[in-house]
Amino acid sequence: MSEQNFCMGCGVKLQTENPSEIGYAPKSSLEKEIVICQRCFRLKHYNEVQDVSLTDDDFLKILNEIGKSDALIVMIVDIFDFNGSWIPGMHRFVGDNKILLVGNKVDLLPKSVNHDKLIRWMKHEAKELGLRAEEVYLVSAAKGQFIKETAAAIDEFRNGKDVYVVGCTNVGKSTFINRIIKEVTGEQDVITTSHFPGTTLDIIKIPLDDGKSLIDSPGIINHHQMAHFVDKKDLKLITPKKEIKPKIFQLNEDQTLFFGGLARFDYVSGGRRSFVCYVSNDVMIHRTKTENADQLYQQHVGEMLAPPRKDQLGSFPELVKQEFIIKEPKTDIVFSGLGWITINDPGAKVIAYAPKGVQTLIRKSLI
């Protein structure tokens, strides 16, 4: 085996014996200067992912290590799926370390969104979730927006310490780190990136010039994210790639909106009013009378109401309902990992349906 025993892409220990196990690399590839495992190779060149067998316990171990070390923690969240990409109980793993919060995918939000307001909103939400962030930064890792400023802030706040980057699967953490590395060293794509859950298998240490490291940890799997209930093709559909165009619906009482076959929204009472929907531009929204909604779903899920597609219906969970009475102005009803609906005025009664296991919740309006 060559000098290098770890994959440069995901940090996993390399082995040449078993192609179906983690860390497999063909013997011939070990001669190369930079060796990556077969999984990373397939990801990099074909955008294909092979599932990873890290357990929740593995993630907890890693988080506990972070709490014990003396370092700066940078937590990445997906602004478009803020609650779904939050690491539950993160405040328990911080220890005495300072934490910076980075909201990724700012390029997906409508251009009219005021960044200062959004930063205040994120600080407020983080506090509600028990976490006091030193600062909040907005970036687009995919487009490279605001990376320079964020890299400078990380360098200032780390105060000569190591930096741990943490985040859930799918938030764009490895893309963010690749951007930071490129910013600092000029090197491209040091880490394998992908929009599929669970790409980084093990801790990867990237040396900084003062002998400390930037440390990439595996993406933590949040089981209530919509991403875990759809297949790879549909994940591409529901994950926005460009600026979201809000869709506005004027609804009367007893009207229903379907978001493909993934979620349903019933407007129960509150007089005629408008609802603003923020989902990927590729997700089709259908309006119907609530009295017809059950029948429509049964007859058309998998076809007109898709995703999920016909061949997935056997494994797709049933939609579970939750009632909300809107008491505050400017409130969002959130379908974790799919998007949200903004309700501007209080007094509406609504019912939100999402696949069993996916979080629906109510929050102060993001936009």
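Note the direction-averaged projected area, equal to a quarter of the hull surface, for the Cα convex hull of the range 96-186, in nm².
6.4 nm²
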Practice problem: Please find, in a Gaussian network model of the chain (springs between Cα atoms separated by less than 10 Å), the residue of Leu313, Leu109, Leu235 whose mean-square fluctuation is greatest. | Solution: Leu313
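Kindly report the accessible area of the range 215-302 per residue (heavy atoms of protein chains, probe 1.4 Å, no ligands, DNA or RNA), in Å².
About 44 Å² of surface per residue is accessible.
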Exercise. Name every cysteine in the chain that ends up alone, with no second cysteine's Cβ under 4.7 Å, or say none.
Key: Cys10, Cys40, Cys168, Cys277
Quiz item: So which trypsin sites (Lys or Arg not before Pro) in the range 275-350 end up in coil per DSSP with only 13 or fewer other C-beta atoms within 10 Å?
Solution: Lys327
Exercise. Please express the Cα-Cα pair-distance distribution P(r) of the range 22-141 as a list of whole percents, one per 10 Å bin, running from 0 to the bin with the greatest distance.
Key: 11, 30, 28, 24, 7, 1
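Tell me the per residue accessible area of the range 54-105 using a 1.4 Å probe; a whole number in Å² is fine.
37 Å²
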Quiz item: For the chain, what is the percent of antiparallel DSSP beta bridges, rounded to the nearest 5?
Solution: 70 percent
Quiz prompt | Size of charge dipole - the chain - debye, nearest 20, with Cβ of Lys, Arg +1 and Asp, Glu -1, no other charges | solution = 1000 debye
Quiz item: Percent relative contact order of the chain, based on C-alpha pairs within less than 8 angstrom and at least six residues apart?
Solution: 14 percent
Practice problem: Give me the lysines in straight-line cross-link reach of Lys321: C-alpha distance below 18 Å, same-chain residues under 8 apart excluded. | Solution: Lys289, Lys349, Lys356
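Percent of alpha carbon pairs in the range 235-290 separated by more than 19 Å?
Details: 459 of 1540 pairs.
Value for the range 235-290: 30 percent of Cα pairs lie more than 19 Å apart.
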Exercise. Give the Debye-formula value of log10 I(q)/I(0) at each listed q (0.07, 0.08 Å⁻¹), with one equal scatterer per alpha carbon of the chain, two decimals each.
Key: -0.33, -0.43
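Tally up the carbon and sulfur contribution to the accessible surface of the range 211-318 as a whole percent, 1.4 Å probe, everything protein left in place. Spell out each step's value before the answer.
Values: 2520 of 5030 Å².
Exposed carbon and sulfur together represent 50 percent of the surface.
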Quiz item: About the Cα centre of the range 75-161, what is the dipole size in debye to 20, counting +1 per Lys and Arg Cβ and -1 per Asp and Glu Cβ, all else neutral?
Solution: 40 debye
Practice problem: State, to one decimal in nm², a quarter of the convex hull surface area for the C-alpha atoms of the range 239-339, i.e. the direction-averaged projected area. | Solution: 6.9 nm²
Quiz item: Farthest toward the dipole's positive end in the chain, which of Leu237, Leu251, His286, given Cβ charges of +1 (Lys, Arg) and -1 (Asp, Glu) about the Cα centre?
Solution: Leu251
Quiz item: Applying the Karplus parametrisation 6.51 cos²θ - 1.76 cosθ + 1.60 with θ = phi - 60° to the phi angles of the range 351-367, what ³J(HN,Hα) value in whole Hz is obtained for each residue in order, glycine and proline being reported as x?
Solution: 10, 10, 10, 9, x, 3, x, 9, 6, 10, 8, 10, 8, 5, 4, 6, 10
Practice problem: Filter the GluC sites (Glu not before Pro) in the range 270-367 to those in DSSP coil with at most 13 other Cβ atoms within 10 Å of their Cβ, and list the result. | Solution: Glu303, Glu318
Quiz item: ³J(HN,Hα) across the range 106-113 via Karplus (A = 6.51, B = -1.76, C = 1.60, θ = phi - 60°), whole Hz, x for Gly/Pro?
Solution: 5, 5, 7, 7, x, 4, 6, 5
Quiz item: What do you reckon, how do Lys27, Lys98 stack up by accessible area (1.4 Å probe), largest on top?
Solution: Lys27, Lys98
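The values are calculated or read from the model by the stated rules, or taken from the named source; none is laboratory data. Computed from a prediction, not measured in an experiment: that's the story for all the values here. Virtual Cβ from ideal backbone geometry, glycine too; neighbours counted across all protein chains shown. The accessibility values were calculated without ligands, DNA or RNA, using every heavy atom of the protein model including side chains. Shrake-Rupley method; radii C 1.70, N 1.55, O 1.52, S 1.80 Å.
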